[in-house]
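S.K.: One structure is given below, represented as structure tokens, and several questions about it will come after.
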Amino acid sequence: MKLEEKSKTEVMESESRLFEELDKGIDSMENGRTVPHDKAMQMIREKLKEYAV
């Protein structure tokens, strides 16, 4: 679904889920579970596509 087709509520929910995923990643990093930078950026790009943000 394209971003233009989403309602404001759907966009806000999608953004909220994305930030939850990013928070989980930050928590993992703080607990010593890390991945190389390139892999991390790939994961972020995939999440951005998934949530259409």
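S.K.: Which of the residues spanning segment 5-22 are open to solvent by 80 Å² or more (accessible area, probe 1.4 Å) and over 15 Å from the mean Cα position of the chain (by Cα)? Break it down stepwise before answering.
M.R.: Narrowing segment 5-22 to residues open to solvent by 80 Å² or more (accessible area, probe 1.4 Å): 5, 8-9, 12-13, 17, 19-20.
Hits for segment 5-22 are Glu5, Lys8, Thr9.
S.K.: Are there any pairs with C-beta distances below 9 angstrom linking a residue in segment 29-53 that is of a type outside the set (Gly, Ala, Ser) to a residue that is part of a loop (DSSP other than H, G, I, E, B) and surrounded by 11 or more Cβ atoms within 10 Å (Cβ to Cβ), with the two at least 6 apart or on different chains, and if so which?
M.R.: Partner pairs satisfying both residue conditions: Met29/Val35; Met43/Val35; Lys47/Val53.
S.K.: Evaluate the following for Thr9: is it of a type in the set (Ser, Thr, Tyr) and part of a loop (DSSP other than H, G, I, E, B)?
M.R.: Details: of a type in the set (Ser, Thr, Tyr): yes; part of a loop (DSSP other than H, G, I, E, B): no.
So Thr9 fails the test.
The values are calculated or read from the model by the stated rules, or taken from the named source; none is laboratory data. The structure displayed is predicted, hence computed values, not measured ones. Using ideal geometry, Cβ is built from the backbone for each residue, glycine included, and neighbour counts are taken over all protein chains shown. To get the accessible areas, we keep the full protein, side chains included, count just its heavy atoms, and leave off ligands, DNA and RNA. Shrake-Rupley method; radii C 1.70, N 1.55, O 1.52, S 1.80 Å.
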